[in-house]
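See structure below.
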Amino acid sequence: MSWRVSCPFCRPEVASRKGASPQVVRQGWYRRKYDGRRIQRFLCRICKKSFSSLTNKPIWRQQKPYVNQDLTFLLCSGLSQRRVARHLAIDPKTVARRLIHLGDTARKANKKHLDSRPPVEKACFDDMESSIHTKLKPVSIPMVVEEKTREIIALRVCSMPAKGPLAEKSRKKYGSRKDERPEARLEVLRTLGRVAAPGLVVTSDKCPHYPALIKLALPDAKHVVVKGQRGCVAGQGELKKIGFDPLFSFNHTAAMARANINRLIRKTWCISKRMDRLQDHLDLYVWFHNHYLLKNPANKRAGTPAQTSGCVINNGWGQFIRNTRSIQDKDGIVMGPDSPESDDGSRHRRGLESTGGRVLYT
Ligand SMILES: [Zn+2]
């Protein structure tokens, strides 16, 4: 019996030998621990390597893929990694590791989304600032936001030297700090260039470095410069005190990011320790913001963020937990928020026990 499975290790060779005897044969199976489902294993007769039907899939090697969706939601809702771990009854290390995976998946999904969305006609461009480990090691986050929809088009984390009274102290303690802002700004603006409509208008504040960079990355765009304003308390220092704010789309988006990402909240306990992890978290947030927080009708078909970005199993516990409706399985056992098993923090573990480890397909 031949199987329509190609070997993930030597796929091109298998393709070239089409019509020959089957190169991939079944070789046993195992039971997946978290839902008891049978997973088929295969052997490639060409390279002699074995693999399973999950090899190279987004949830490959994840012991608890059902937490992905909740994790995405909570990490983008102002909770710290430790609190998320406590809430989902998982180890903090799982949260930290999964954030890398989710960030990576979200990055690919964001890129794909940019290629399919309508061109941008008006955009706002500016920098946000945060820090790594201490205020003496600041980072800059250049970001582009579409004016009409407030969709985040691109952002990048980069290091910058400390400013003002901290500059001297920072140099003394940590040495001179690299200024990566010009390249990061250029990269972000070039991403905007990829999705720009003809006659694009870019609004920014009076920062003296912007005009040259915008001219370089977007030679056909019109650059509108507006005066920067003092921040007000309500918007995490990002929303401005004046009546009409020409950079409102950007400032509101920045304020939302600060309110929804714990490590960006001003005067928080939580702080980033690594720039790449901050980038992961922000990329995950970009997906969540564009597809979940914004009421953009164009994004409605996208489903929930983790689902669409492929990091959630569609028919397993991940969706089950998120479901607000009751689900009835084949034997008529009703599970869901109405059942007594499902209203506390350890609901997925209890759920597993009460169905004897069977999967509920939705
Ligand atoms: Zn092979």
*asked:* Suppose we filter segment 235-268 for residues that are touching a helix residue (DSSP H, G or I) at 6+ places or on another chain (Cβ under 9 Å) and in a loop (DSSP other than H, G, I, E, B); how many remain?
replied: 10
*What residue, of ARG150, ARG185, ARG171, is surrounded by fewer than 21 Cβ atoms within 10 Å (Cβ to Cβ), in the same structural domain as ASP245 (by TED's automatic domain parsing), outside any loop (DSSP other than H, G, I, E, B) and of a type outside the set (S, T, N, Q)?*
ARG171
*Here are some residues: LYS108, LYS135. Which one is in contact with a Gly (Cβ under 9 Å, 6 or more places away or on another chain), surrounded by fewer than 18 Cβ atoms within 10 Å (Cβ to Cβ) and either over 18 Å from SER272 (Cβ atoms) or basic (Lys, Arg) (or both)?*
LYS108
*asked:* If VAL67 satisfies all but one of (1) out of contact with any Leu (no Cβ under 7 Å at 6 or more places or on another chain); (2) at pLDDT below 95; (3) more than 16 Å from the ligand (Cβ to nearest atom), what's the number of the condition it fails?
replied: (1)
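So is GLU180 modelled with pLDDT of 95 or more, within 21 Å of ASP220 (Cα to Cα) and not hydrophobic (A, V, I, L, M, F, W, C) or not?
Working: modelled with pLDDT of 95 or more: yes; within 21 Å of ASP220 (Cα to Cα): no; not hydrophobic (A, V, I, L, M, F, W, C): yes.
No; evaluated as a whole, the condition is false for this residue.
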*Just give me the residues in segment 36-59 being at pLDDT below 90 and either away from the ligand (no atom under 16 Å from the Cβ) or of a type in the set (Val, Ile, Thr) (or both), in sequence order.*
ILE46, LYS57, PRO58, ILE59
*Which one of ILE214, ILE152 is closer than 23 Å to LEU278 by Cα, among the β-branched types (Val, Ile, Thr), in contact with a His (Cβ under 8 Å, 6 or more places away or on another chain) and touching a residue at least 60 places away in the same chain (Cβ under 8 Å)?*
ILE152
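I'd like to verify a number: residues in segment 144-177 that are within 26 Å of GLY193 (Cα to Cα) and out of contact with any Lys or Arg (no Cβ under 8 Å at 6 or more places or on another chain), how many? Break it down stepwise before answering.
First, the residues of segment 144-177 that are within 26 Å of GLY193 (Cα to Cα): 144-160.
Imposing the further condition that a residue be out of contact with any Lys or Arg (no Cβ under 8 Å at 6 or more places or on another chain) reduces the set to 144-145, 149-150, 152-157.
Counting residues in segment 144-177 that are within 26 Å of GLY193 (Cα to Cα) and out of contact with any Lys or Arg (no Cβ under 8 Å at 6 or more places or on another chain) gives 10.
Would you confirm, using the coordinates I've provided, whether VAL226 is within 15 Å of ASP126 (Cβ to Cβ) and among the β-branched types (Val, Ile, Thr)?
On the way: within 15 Å of ASP126 (Cβ to Cβ): yes; among the β-branched types (Val, Ile, Thr): yes.
Yes: the conditions hold for VAL226.
What about ASP126, is it farther than 30 Å from ALA167 by Cα and touching a residue at least 24 places away in the same chain (Cβ under 8 Å)? Full working, then the answer.
On the way: farther than 30 Å from ALA167 by Cα: no; touching a residue at least 24 places away in the same chain (Cβ under 8 Å): yes.
Judged against the criteria, ASP126 is not a match.
The values are calculated or read from the model by the stated rules, or taken from the named source; none is laboratory data. All values reported here derive from a predicted model rather than from experimental measurement. Note that each Cβ is placed from the backbone with ideal geometry, even for glycine, and that neighbours are counted across all protein chains shown.
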